[in-house]
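J.: The structure that follows is given in the form of structure tokens.
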Protein chains: 2
Amino acid sequence: MDSTANKIDPARADRDDPLRAFRDRFELPQGVIYLDGNSLGALPKSVRQRVAKTISEEWGEQLIRSWNSADWVHLPQRVGERIARLIGAEERTVVATDSTSINLFKVLSAALDLNPDRRKIVSERENFPTDLYIAEGVAKQIGKGHRLVLADTPQDILGMLDEDVAVLMLTHVNYRNGYRHDMAALTKSAHEKGILVIWDLAHTAGAMPIDLTGAQADFAIGCGYKYLNGGPGAPAFLYVNPRHQGGFRQPLSGWFGHRAPFDFDADYRPSEGVEQYLCGTPPVLAMVAMDEAMALWDDVDMETVRAKSVAMCDLFIQEIDTYAEEFGLKLATPRDPHLRGSQVSYSCHNGYAIMQALIARGVIGDFRAPDIIRFGMAPLYLSFAEVSEAAAILKQILETRTWDQPEYHVRGAVT
Amino acid sequence: MDSTANKIDPARADRDDPLRAFRDRFELPQGVIYLDGNSLGALPKSVRQRVAKTISEEWGEQLIRSWNSADWVHLPQRVGERIARLIGAEERTVVATDSTSINLFKVLSAALDLNPDRRKIVSERENFPTDLYIAEGVAKQIGKGHRLVLADTPQDILGMLDEDVAVLMLTHVNYRNGYRHDMAALTKSAHEKGILVIWDLAHTAGAMPIDLTGAQADFAIGCGYKYLNGGPGAPAFLYVNPRHQGGFRQPLSGWFGHRAPFDFDADYRPSEGVEQYLCGTPPVLAMVAMDEAMALWDDVDMETVRAKSVAMCDLFIQEIDTYAEEFGLKLATPRDPHLRGSQVSYSCHNGYAIMQALIARGVIGDFRAPDIIRFGMAPLYLSFAEVSEAAAILKQILETRTWDQPEYHVRGAVT
């Protein structure tokens, strides 16, 4: 690999950055280079005011009336429409609600119900664990012998798509190594075998353009608190292709999914639209934070985001290429931008301690067991100069072995 | 009924009120008598500051590190312990998480799994509809012929508890008429027939003392946004009796219910404690609002709350007794305090319009189809003078027929 090819100059790249102005719309702490927006996105400045207003005026002053006057009741749909634009979904196909895990439970249950004669759910061993746990839970509850079959590598998936597979359930971009699947091609192959496809967009939404409609995806789910910057534990989202809406498909049949919740019928009559996938009362404070974070995206062109993301990952890889071999860092993320998301990961010995030493120096990435250090690139608020500096600080830490201090080896609850 | 017996003097009752000081800890709008705390509790003043701090300092400054440094990761357990004290639950039996509907899905699934040879779920036709909808969803997904059998009146329940009933699922206090079940007696009768019992405490928690441990309840669920004042769509809670913890019982098997979420195992190994009933990432902003609201309860004696609640309901009923018959108001709530919760409901013609006219005069209660006007008594922030004034304003509205104006007949989305 010739690392001088297309060498990126950070200063020039920052000068020419069409997204430069967005940085000012985020609260970023002094002395920190934040490369963990793929775990928790930074705080959009306007969220504080918006939530304060909701608490003081809508809850405090208007009280129960705000369900109508502030239209709290339609927050899941309103936020859903804002997310829809970023993921290539049509109107009335996306709602913001619950958590990613719960939303997967809903759409996986629906997908199995739509494909009742088949028993296999195909996914990857390296998928984010909660997705696999939820599939276990769904299969156990249905109790008809559904089983989860896991591919060891992305390349194995195609060969596993046979006539007994009901659902292919994949995370578009791998949380650990950043590998990105070809959504359109895999969806097409699965459909040719009569298999429904669920895409988890946790590491995709807000990181790159995507076209669920074009790919003819059946269902999708995703996360509000990563690249979308919706806040810690923000409401998640789900997408249901219009051809699968209607019927009584998902088992979390709470009152917000009812056709007329405030008629207080004893019988569940599901909404015909994507609203059927709502369940309980929406968490308004978390929802308005998410709504405000999403408002910022209304001004964003996703192709521009992707171009900057690719350039930032390229820059980071190029700079680390100059010392990776010497210190035993092995690039875990594909070099080819077409095969990756918006993060760069390395496997290395002592990865946990190295990441702790980085954090102590103000470079925040994260560690994922067993041996991955992970750096997320959030184009709305990061500069090329920061990316370059992070690579330089990592080099210093490795050269001086500052990671080899006892305090950097102490594990926290969340790493 | 002799309405002059034990006549309550509002001025004296307010002067002697041991909970008087709590009112100052709430934000209450001028010109409003808020009798809808059973739908959305009022705003505790300290919530605004707490949420602002979480947004600015924990999310904005500390970012991802707050999962450890601010202990976000244990919010469900911490808030759960605060709720546990109010509902007579032991330590490590309650978590705050998800919505009431989703929590019912979890505990009902677990209860059916624990009683696998029986096929009936008994509840009431007048139960809050989402509870019935969720039972439909669980039964459909399990697909083993479970069916929901509904009692027409509370008195019918005992006779329905036969050897094919797996679960008795009741809301302790009826949302519409305020009728309260005898939790200890019904639980005991159900257990004698080998039936597990789930109590929905939506209209109980924060309204009166309760003793889940003493009643030997199997499971309970409840709501954070009513009497507990956790904010609109606040996290709900669930209780699991220690004898039912362990195993792999509930199907929403997300990563926060895993024994070691941050080991990122491919296989689900459930936590042995009540934490197994957690699913996805907790919504931190909603959780800290709830935590702050619950901190206020640490200073509250629930017997005192109940005594004031009973007296307020008695006062309201006494005053309305003087004109109820003349205007066709029929008391829907039992007169006997042992048989009711903390609300007073009347059935009447034109109930929707009457409630709209009341709201226009600053008396906020709510309407529940088909004909119920409902007034919730939240002892922490209401005065007896307000209760008395509300009854007087209702009388004026009925005397002058101000409810009979077109604008009071226009239905909103949420009534």
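Coordinate-derived values only; no laboratory data. The shown structure was predicted, so the numbers you read here are calculated from the model rather than taken from an experiment. Please note: Cβ atoms are built from the backbone with ideal geometry, for glycine as well, and neighbour counts cover all protein chains shown.
J.: To the nearest whole number, what is the average tally of beta carbon atoms from other chains within 10 Å of the beta carbons of peptide B:49-62?
T.: Values: counts 2, 1, 7, 5, 0, 3, 11, 4, 1, 2, 12, 10, 6, 4.
Per residue, the average neighbour count from other chains is 5.
J.: Shortest first and in nm to one decimal, what separations exist between residue B:78 and its copies in the other chains, measuring from label points 7 Å along the Cα-to-beta-carbon line?
T.: Once sorted, the set of distances for residue B:78 reads 3.0 nm.
J.: Show me the ranking of peptides B:17-26, A:53-62 by mean Cβ neighbours inside 10 Å, starting with the highest.
T.: Working: B:17-26: 15.5, A:53-62: 19.3.
Answer by packing, highest mean first, reads A:53-62, B:17-26.
J.: May I ask which residue of A:46, A:22, A:184 lies farthest towards the positive end of the charge dipole of chain A, with charges of +1 (Lys, Arg) and -1 (Asp, Glu) on Cβ and the Cα centre as origin?
T.: Of the listed residues, the answer is A:46.
J.: Per residue of B:63-71, how many C-beta atoms from partner chains lie within 10 Å of its own C-beta, taken as a mean?
T.: Working: counts 14, 14, 7, 3, 8, 4, 2, 1, 2.
Per residue, the average neighbour count from other chains is 6.
J.: Given the options B:324, B:253, B:210, identify the residue whose Cα lies farthest towards the positive end of the charge dipole of the protein assembly as shown (+1 on Cβ of Lys, Arg; -1 on Cβ of Asp, Glu).
T.: B:253
J.: Starting from the Cα of residue B:8, step 7 Å along the direction of its Cβ; do the same at residue B:74; then give the gap between the two resulting points in nm.
T.: Placing both labels 7 Å along Cα→Cβ, they lie 4.1 nm apart.
J.: Further question: Please report, for residue A:269, the nm distances (one decimal) from its label point, 7 Å out from Cα along the beta-carbon direction, to the equivalent points in the remaining copies, shortest first.
T.: 5.0
J.: Work out the charge dipole of chain B with +1 on the Cβ of Lys and Arg and -1 on the Cβ of Asp and Glu about the Cα centre, then indicate which of B:363, B:13, B:64 is farthest towards its positive end.
T.: B:64
J.: OK, next. Count, for each residue of B:32-39, the Cβ atoms from other chains sitting within 10 Å of its Cβ, then give me the mean as a whole number. Don't skip to the answer; put the middle values down first.
T.: On the way: counts 4, 0, 2, 0, 3, 2, 1, 3.
Averaged over the peptide's residues, the number is 2.
J.: With the Cα gyration tensor of the protein assembly as shown in hand, convert its eigenvalues to equivalent ellipsoid semi-axes via √(5λ) and list them largest first in whole Å.
T.: Equivalent ellipsoid semi-axes, largest first: 49, 29, 24 Å.
J.: Assign unit charges at the C-beta atoms only (+1 for Lys and Arg, -1 for Asp and Glu), then state the dipole size of segment B:71-297 relative to its Cα centre in Debye, rounded to the nearest 20. Intermediate values should be presented prior to the final figure.
T.: Numbers: 21 positive and 28 negative charges, 46 e Å.
Result for segment B:71-297 is approximately 220 debye, rounded to the nearest 20.
J.: Net charge near residue A:327, counting Lys/Arg +1 and Asp/Glu -1 over other residues with Cβ under 9 Å of its Cβ?
T.: Result for the local shell: -2.
J.: Next up: Which value, in debye to the nearest 20, describes the size of the charge dipole of chain B about its Cα centre when Lys and Arg Cβ atoms bear +1, Asp and Glu Cβ atoms bear -1, and nothing else is charged?
T.: Numbers: 43 positive and 56 negative charges, 88 e Å.
The dipole magnitude comes to about 420 debye.
J.: From the square roots a ≥ b ≥ c of the eigenvalues of the alpha-carbon gyration tensor of segment B:174-256, which class results: rounded (a/c under 1.5), prolate (a/b over b/c), or oblate? Walk me through the intermediate numbers first.
T.: Details: a/c = 2.18, a/b = 1.06, b/c = 2.05.
Oblate.
J.: Would you work out the Kirkwood radius for segment A:71-297? I mean one over the mean of 1/r across all pairs of different Cα atoms, in Å.
T.: Numbers: mean 1/r = 0.0573 Å⁻¹.
When all Cα pairs of segment A:71-297 are included, the Kirkwood radius is 17.5 Å.
J.: Mind checking which lysines have their C-alpha under 16 Å from residue B:120, skipping anything on the same chain fewer than 8 residues away?
T.: Hits, sequence-local ones excluded: B:140, B:144, B:193.
J.: Quick one: dipole size for segment A:303-401, taken about the Cα centre, charges +1 on Lys/Arg Cβ and -1 on Asp/Glu Cβ, in debye to the nearest 20. Working shown, then result.
T.: Details: 10 positive and 12 negative charges, 50 e Å.
For this selection, approximately 240 debye.
J.: I've got another one for you. I need the peptides B:307-317, A:262-272, A:285-295 ranked by packing, meaning the mean over residues of other C-beta atoms within 10 angstrom, with the highest value on top.
T.: A:285-295, B:307-317, A:262-272
J.: For segment A:221-360, what Kirkwood radius comes out of the mean inverse Cα-Cα distance, in Å? Intermediate values should be presented prior to the final figure.
T.: Numbers: mean 1/r = 0.0522 Å⁻¹.
It is 19.2 Å.
J.: So the label point sits 7 Å from Cα along the Cα-to-Cβ vector; using that for residue B:299, what distances do you get to the other copies, in nanometres, sorted shortest first?
T.: Inter-copy label distances (nm, one decimal, shortest first): 4.3.
J.: Tilt of helix B:384-400 relative to the longest C-alpha principal axis of chain B, in degrees (0 to 90, nearest 10)?
T.: Tilt of helix B:384-400: around 60 degrees.
J.: Using the Kirkwood formula on the Cα atoms of chain B, what hydrodynamic radius do you get, in angstrom to one decimal?
T.: This gives a value of 22.4 Å.
J.: When chain A is modelled as a GNM with alpha-carbon springs shorter than 10 Å, which of A:343, A:77, A:405 fluctuates the most?
T.: A:405
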